[in-house]
Amino acid sequence: AKDALRVLVTGAAGQIGYALVPMIARGAMLGPDQPVILHMLDIPPAAESLNGVKMELVDAAFPLLKGVLATTDAVEACTGVNVAVMVGGFPRKEGMERKDVMSKNVSIYKAQASALEKHAAANCKVLVVANPANTNALILKEFAPSIPEKNITCLTRLDHNRALGQISERLNVHVGSVKNVVIWGNHSSTQYPDVNHATVVTQGGEKSVRELVANDQWLNGEFITTVQQRGAAIIKARKLSSALSAASSACDHIRDWVLGTPKDTWVSMGVYSDGSYGVPPGLIYSYPVTCEKGEWSIVQGLKIDEFSRAKLDATANELVEEKTLAYSCLS
Ligand code: NAI
């Protein structure tokens, strides 16, 4: 039998945490034959609630779950972890400026970067979910210089899955037959959901989404804004943010990263930019990637038309601004 892997979930007493930990304990993240030990971190005001989550995990009697740690101590939480899913953060409250939210979160990510760097297992893979996800991941990377930059990513898989979902609904085909959409850039409303390379697998072979939809006005307009604004639409409907789909996408992100993407299929991940596609290096930017043997690589050589170019640049510019703001909060 395989040795158990230790998975850290920060903010585990929150909404996403509550949806995510049972998925991990059922094998949705690391596979149905991989035992796991959950490390759950939250802050002292949430300690009692966190302990309640631990009680439920015990009660659920998951066969793959070999242990549960619930703690408010970041060092204890980070010790020996193989995978770190960073969901904990400070939410935007009424009347708060963007800078205030940024300031709270970058200081959390700076502190947790040090705890991970010193105490996580070698080669720990990190996924940042908490917003501003790309910039929190960048701060984590900058303040954990001994963690390889390829090990630090942020979640845009939810946006990717939302784009697949919209195409599937529009064409009335199963979502599993749609592939190779791309989310470029920031996990924010400037993200660019791109269908120019997307296809649907049909009995007659793969067909281009653009040809099948045959409505460029919808693809260049409402489709893009629906995906960009989906988070807000869920909050409006549920009065709570999208926790189920965020948790499920976080599992997809880690599973594909660790176990590999299917043949001829790519997914979107926020990764450290090397300058590919004319994006400034040194940002955490969402790209199309394929994964093999636990390593992602950016899909190269996709044709970028003028419409897309402007959108790739706009979301990169927002990330440059966020980076500047983040550093001004830290100094
Ligand atoms: P939530 O407010 O229900 O949970 C956040 C949890 O983090 C709380 O339990 C809080 O006590 C904890 N926390 C705060 N500071 C912490 C710290 N320093 N260390 C550890 N834990 C800490 O929020 P929810 O709905 O679970 O969302 C979590 C984050 O995920 C938010 O930032 C949200 O904006 C983001 N998000 C990101 C998505 C993505 O696709 N990247 C999608 C949906 C949400």
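The values are calculated or read from the model by the stated rules, or taken from the named source; none is laboratory data. The model shown is predicted, which means the values in this text are computed figures rather than measured ones. Positions of Cβ are backbone-derived with ideal geometry, glycine not excepted, and every protein chain shown enters the neighbour counts.
Details
- Sole exception among (1) crowded, with 20+ Cβ neighbours inside 10 Å; (2) assigned to a loop (DSSP other than H, G, I, E, B); (3) of a type in the set (Gly, Ala, Ser) for residue 241, by number: (1)
- Residues of segment 82-104 that are β-branched (Val, Ile, Thr), within 14 Å of the ligand (Cβ to nearest atom) and either touching a strand residue (DSSP E or B) at 6+ places or on another chain (Cβ under 8 Å) or under 15 Å from residue 14 (Cβ atoms) (or both): 85, 87.
- First in segment 105-117 and within 11 Å of the ligand (Cβ to nearest atom), second anywhere and of a type in the set (S, T, N, Q), Cβ under 6 Å, 6 or more apart: 105/136; 109/136
- Qualifying residue in segment 272-287 (condition: over 21 Å from the mean Cα position of the chain (by Cα) and closer than 25 Å to residue 93 by Cα): no
- Taking helices (runs of 4 or more DSSP H) as the structural unit, those lying wholly within segment 83-188 and holding at least 2 residues that are touching a Ser or Thr at 6+ places or on another chain (Cβ under 6 Å) correspond to 98-119, 157-171.
- Segment 27-46 residues that are under 18 Å from residue 124 (Cβ atoms), paired with ones that are more than 12 Å from the ligand (Cβ to nearest atom) and modelled with pLDDT under 95 (beta carbon under 6 Å, 6 or more apart): 34/2
- Residue check, residue 7 within 12 Å of the ligand (Cβ to nearest atom) and buried (at least 18 other Cβ atoms within 10 Å of the Cβ): no
- Top-ranked residue of segment 94-109 - restricted to ones that are aliphatic (A, V, I, L, M) and at pLDDT 80 or above, ranked as surrounded by the fewest Cβ atoms within 10 Å (Cβ to Cβ): 101
- Of the residues 65, 140, the single one that is touching a helix residue (DSSP H, G or I) at 6+ places or on another chain (Cβ under 8 Å), in contact (Cβ under 8 Å) with a residue 24 or more places away in the chain, away from the ligand (no atom under 14 Å from the Cβ) and within 23 Å of residue 39 (Cα to Cα) is 65.
- Of all residues in segment 189-228 being among the β-branched types (Val, Ile, Thr) and not in a helix (DSSP H, G or I), the one that is farthest from residue 175 (Cα to Cα): 190
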